[in-house]
2 protein chains.
Amino acid sequence: MNQEGQTRIQREKRELILEAALDVFSVQGFRGATVDQIALAAGMSKPNLLYYFPNKEAIHHQLMERLLDTWLQPLEHMNPLGDPIAEITAYVQRKLEMARDYPRESRIFANEILRGAKQIMDLIEGELKELVDKQAGVMRGWIERGQMADVDPYHLIFSIWATTQHYSDFDAQVRAVLGPERNGNERFEGASRYLDRLYRKMLAPDAG
Amino acid sequence: MNQEGQTRIQREKRELILEAALDVFSVQGFRGATVDQIALAAGMSKPNLLYYFPNKEAIHHQLMERLLDTWLQPLEHMNPLGDPIAEITAYVQRKLEMARDYPRESRIFANEILRGAKQIMDLIEGELKELVDKQAGVMRGWIERGQMADVDPYHLIFSIWATTQHYSDFDAQVRAVLGPERNGNERFEGASRYLDRLYRKMLAPDAG
DNA sequence: CTAACATTTTTCCAATTGGTCAAATTTTGA
DNA sequence: TCAAAATTTGACCAATTGGAAAAATGTTAG
């Protein structure tokens, strides 16, 4: 036994299980994923897995809790003292990189929110909403000082989430529509150029 | 017996089942939905339902096939002879109205594509891709004639889908973040103003 | 009216799956 | 070293669920 009531094996195995769960849940969704699949992916038997987590829902919930932090990190890094357009387009790029590099995480969230976000409503109404409120305040400051166009910060943030995560969540559609010839990573390069353009033009302060 | 090998009762009951399936699938997803739930929602017994459809997948597939048409309709209505900015912002508004008025349809698609779109890949690679290709061609024409900014038509279409459907697919998150005070239909009015602004500014032809 | 056909219900089954339990094995600390 | 604690396994169970079969009931055309 050790600090926080966790043994070394417990820490390692829980980690292993959450990594496996990320794989399975992101492909199968919550209902579609079976405890057996997760156990197999984690290299252990089902009862063994259930020794570490009381049930399937607990795995999912803890996974989401942990992911939310990484997921929100780019938004935290917006600097109120920086140039708004540089800050926001940098945020867009960081989100797009995450969609490219962490599609499993993105899909798990999409899945959960599609289903009504019942398991993580507390996190959304808490942590997430507070961060959005804070950064919306920062943007309002920029707008008042005439440094960027006067647009609703909340809808701006929604549109950034939507446009970037689209490339992970709806990857199957994007690939199919672009066709095999445009299916390397240039799909993300194209998105990068397009989104940079989009937000740069929209955020440019209006004359007057 | 009647035309197309369908009796009156068959036509009516199939319709009833598809409407019920829309309700159930859009809330529970494919894996989460049970045949019993759909049968109950359609006001009949499970074996009775299975008299009309061979299995659960068949219901889902036919539902999607039928929905795709309505879903793509707004994109078909873009007029190559009209003003690009008017045409595209009108398209955005129509898509946003559909997200507001037909959230079940939107969520079913989102769910299916998230899962890899295996059941409707044929439709996406066929019907959908062809329409997108065609309208991308129209946009390229507009761009060449200097009537709108030079942006990638495919990514433009993706961003329109993403930003509008966000309000149905991720409704739970949008509501939670906006908080109870902004939760009437003004959430769609705000989105409408924001998106109109967004695309108007981005599409404005560049000087030169 | 009635035979052919369409629809519905009752009953049932096999597979899947989340989870339990007690026994066996391994690890750890004194 | 060795007993207590932690971990793992195998066997098992009950609930859910997709679907089949056949009997019962309803409908319709001649």
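The values are calculated or read from the model by the stated rules, or taken from the named source; none is laboratory data. Note that the coordinates shown come from a computational prediction; the quantities given were computed from them, not determined experimentally. With ideal geometry, Cβ positions are generated from the backbone for all residues, glycine too; neighbour counts draw on all protein chains shown.
Observations, loosely collected:
- Condition check for residue A:63: modelled with pLDDT under 95, closer than 19 Å to residue B:173 by Cα and in contact with a helix residue (DSSP H, G or I) (Cβ under 9 Å, 6 or more places away or on another chain): no
- Scan of the stretch A:122-163 for residues that are assigned to a helix (DSSP H, G or I), small (Gly, Ala, Ser) and more than 10 Å from every other protein chain (Cβ to nearest Cβ), ordered by number: A:137, A:141
- Any hit, the stretch B:57-68, residues being charged (D, E, K, R), closer than 28 Å to residue A:34 by Cβ and within 14 Å of DNA strand C (Cβ to nearest atom): no
- Screening residue B:79 with (1) in contact with a Leu (Cβ under 8 Å, 6 or more places away or on another chain); (2) free of Cβ contacts under 8 Å to residues at least 12 places away in the same chain gives one miss only, at (1).
- Selection from the stretch A:93-116 of residues that are more than 18 Å from residue A:170 (Cα to Cα) and not in a helix (DSSP H, G or I): A:116
- Just one of (1) more than 14 Å from chain A (Cβ to nearest Cβ); (2) loosely packed, with under 15 Cβ neighbours inside 10 Å; (3) near DNA strand D (Cβ under 7 Å from one of its atoms); (4) within 24 Å of residue B:115 (Cβ to Cβ) fails for residue B:34. It is (1).
- The set of residues in the stretch B:1-26 that are away from DNA strand D (no atom under 13 Å from the Cβ), within 20 Å of residue A:113 (Cα to Cα) and of a type outside the set (D, E, K, R) comprises B:22, B:26.
- Of all residues in the stretch B:73-92, those being part of a helix (DSSP H, G or I) and either crowded, with 17+ Cβ neighbours inside 10 Å or not assigned by TED's automatic domain parsing to the domain that holds residue B:161 (or both) number 10.
- Leading residue by the ranking (nearest to residue A:139 (Cα to Cα)) among those in the stretch A:164-208 that are free of Cβ contacts under 8 Å to residues at least 12 places away in the same chain, more than 9 Å from every other protein chain (Cβ to nearest Cβ) and in a helix (DSSP H, G or I): A:189
- The stretch B:39-64: number of residues that are free of Cβ contacts under 8 Å to residues at least 60 places away in the same chain and in a helix (DSSP H, G or I): 18
- Positions within the stretch B:12-38 being farther than 20 Å from residue B:109 by Cα and within 9 Å of DNA strand C (Cβ to nearest atom), in sequence order: B:12, B:13
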